[in-house]
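Shown next, in structure tokens, is the structure this report addresses.
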Amino acid sequence: MTGYRKLTEKEIAQLQAQMCTAADWNDVEVSDGFSPDHVRCTRFSGRVRLGKFEKVFEMPGGIRKHSGLYYATLHNVTVGDDCCIENVKNYIANYDIGHDCFIENVDIILTDGASSFGNGVEVSVLNETGGREVMIHDYLSAHQAYFMALYRHRPDLIAGLKDIVSRYVESVTSDRGTIAPHVTIVDAGYIKNVKIGEYCKIEGSGRLKNGSINSNRHAPVHVGVGVIGDDFIICSGASVEDRATISRCFIGQSCHIGHTYSASDSLFFCNCHGENGEACAIFAGPFTVTHHKSTLLIAGMFSFMNAGSGSNQSNHMYKLGPIHQGIMERGAKTASDSYLLWPAKVGAFSLVMGRHVSHQDTSDLPFSYLIEQQNTSYIFPGVNLRSVGTIRDAQKWPKRDGRTDPEKLECINYNLLSPYTIQKMLNAVSILKDLVRVSGETSDTYSYQSAKIRNSSLHKGLRFYDLAINKFFGNSLIKRLENVPDGNIDVIRERLRPDTPAGKGQWVDISGLIAPKSEIEALIEDIEKGAVKDVKEINSRFAEIHSLYYTYEWTWAYDRMMEYYGLDPDNVTLDDITGIVKKWKDSVVTLDKMVYEDAKKEFSLSAMTGFGADGDSDRRTKDFEEVRGGLFDSNTFVKAVLEHIRVKSALGDEFLSRMGR
């Protein structure tokens, strides 16, 4: 190979004097600029290629170590320029090591036979007994995995996806492993058939077997002390720490798994956070968070989810084994000690509290509370729309997106109100009105999906949903008409017409990506026909759909708005338009005031219990103020709510003024 040469007799003699040996010195080649001065006590076998060793590594604490090879055994290894490899207890075999790597105090690093480095491993999500396997690979996105796990009713799609992934797996299969440039591996144990990306740090891992660590300079990966990983892929920016155990797992971009967390047959997509607890056969979409030791997530699909301490699920009823699954739609969360018996489905942005064993499906009642009272499940429809916690969650997710890799695998829509959630609210309104029609206006409780809804809760739910629907339609309308200079109805009607027919009909949440079902179906058909040929192209198609979200949103909103308010699109009047905006303004202010009142509860006297130790009420208030950063009116979130009321009121007034109203 160009750039390498044989060792000279003088170099061989010097290496032998420095306690180096080789099965055959003719199989050892070196680059131009190589000097044997920093190669000591090293054994070579097979074909070995060495770079030059000129760099000095600056270590924490001020220690300096010169690059080179010290006390190591290398078999069929290429070592790049300026690497330091020291104290390899066993050996390194069949690896290409990039430049500027630091490898010290490791047991063994080897590639044994042909390996795909975790690519192609089948992960049995949702159903532990199989049937929903997802083939993991370096470019797996939550949206691809959603297809493979949930679209089993489309066998041609599954066959197409498997074929695409299999071609990629074949392309990365090799009998040589790779350690990319600028990698640090120290105090590590057993590393076998692992591909390691650049700028990765592996410090104190226990065992890593059959995996890919897709670190890069923009988003380095860290693997910490005692980590055990088998059959895995770890994406850019992720960290796996503190004796965590992962087996047949995909760890997405900027995920954090640590504090002895245990996961098997599970998928974690971007920005997930798992500590202390356990996961088995879960599909953890973006921003799934679980912190607590006593929390078990099993056989469920989640996204934007926060699991309370002691949360638990059962995926079997002691008959045919663990064959049941559950889905918690985006933003759903569990309170401490909650329990769900699968199968069950929890609607978007809902809260689960207590034990539920009746297999509820609240997917058409989003933003609800599902609460157990005296062994009965009660639904409180729409009540989460007024919760300060819901608003805070919606604000924090974009801020907590830790992805720094320019190539992002997931397309995430953070909108709290979207065609996906509004279509469910419209369904909810129909469901609740039907319950009243069938059971009567005066019924104390109504039965729905093996749960109960109190009369007062039902009517409050109708009110909450109406406010949210008005808010969404008004938002879309004002955005659409923001560049219309005045109340010319002909100009307004022309501007209101959608730019594309795409977006009508049902919308879906493909694990973070909110999109019209029609566009998702078009992509599925292209995969089935073989028009999409590789994994990156699938991700590009998802990105294209995501980029057109607001265009599609308006198509949907326009049709449903006209229907909801009983308007004729061809004869819509200026009064109709301004009437929608007035409802929007009232709804926004009303919802914000509800959030304001909910936030006030956090500053009540009962919330101050435990503050002001060894003192009177004045000391308690002062202590509370110091710890919480001020009292109610000075709280930053409260100020933001009040500012939101002011800004939206001004926006509504400006619009009405521009329309001549």
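Since every read-out is calculated from the coordinates, none of them should be taken as a lab result. This is a predicted model, so every value here is computed, not measured. Don't worry about glycine lacking a Cβ; one is built from the backbone with ideal geometry, like all the others, and counts go over all protein chains shown.
Annotations for the structure displayed:
- In this structure, residue 450 and residue 593 have a Cβ-Cβ separation that, at R0 = 30 Å, corresponds to a calculated FRET efficiency of about 0.30.
- For region 263-329, radius of gyration divided by Kirkwood radius, i.e. Rg to Rh on alpha-carbons: 0.96
- FRET efficiency, residue 187 to residue 13 (Cβ-Cβ, R0 35 Å, nearest 0.05): 0.55
- The chain: antiparallel DSSP beta bridges as a percent of all, rounded to 5: 20 percent
- Fewest-first ranking of 56, 484, using other Cβ atoms within 10 Å as the exposure measure: 56, 484
- Whole-angstrom gap from region 442-497 to region 2-28, using each part's C-alpha centre: 78 Å
- Applying the criteria of a DSSP loop state and at most 15 other Cβ atoms within 10 Å to the trypsin sites (Lys or Arg not before Pro) of region 197-261 yields 217.
- Acute angle (nearest 10 degrees) that the helix 636-658 long axis makes with the longest principal axis of the chain, alpha-carbon atoms: 60 degrees
- C-alpha long axis of helix 155-172 to longest principal axis of the chain, angle in °: 30 degrees
- In a DSSP loop and with at most 16 other Cβ atoms within 10 Å, there are no GluC sites (Glu not before Pro) in region 214-298.
- With neighbours defined as other Cβ atoms within 10 Å of a residue's Cβ, the residues 646, 493 order from fewest to most as 646, 493.
- Nitroxide proxy distance, nm - points 7 Å out along Cα→Cβ at residue 175 and residue 529: 4.2 nm
- Taking the longest Cα principal axis of the chain as reference, the axis of helix 388-399 is set at about 40 degrees.
- According to the Kirkwood relation over distinct C-alpha pairs, the hydrodynamic radius of region 328-459 is 15.8 Å.
- Considered as an equivalent ellipsoid built on the Cα gyration tensor, the chain has semi-axes of 54, 28, 26 Å, the largest given first.
- Per-residue ellipticity at 222 nm computed for the chain from its helices equals -10500 deg cm²/dmol, with DSSP H segments shorter than 4 residues left out and the rest contributing -39,500 (n - 2.57).
- Using the empirical formula 2.2 N^0.38 Å as the baseline, the Cα radius of gyration of region 1-110 reaches a ratio of 0.98.
- Listed pairs 162/201; 319/452; 345/452; 471/648; 195/536; 10/55 exceeding 21 Å between Cα atoms: 162/201; 319/452; 10/55
- Where GluC sites (Glu not before Pro) fall in DSSP loop in region 436-508, at most 10 other Cβ within 10 Å: 441
- Per-pair calculated FRET efficiency, R0 = 45 Å: residue 225 and residue 438 via Cβ, rounded to 0.05: 0.15
- Likely footprinting exposure, 459, 644, 356, fewest C-beta neighbours within 10 Å first: 459, 644, 356
- A Cβ-based charge dipole, computed about the Cα centre of the chain with Lys and Arg at +1 and Asp and Glu at -1, lands at about 960 debye.
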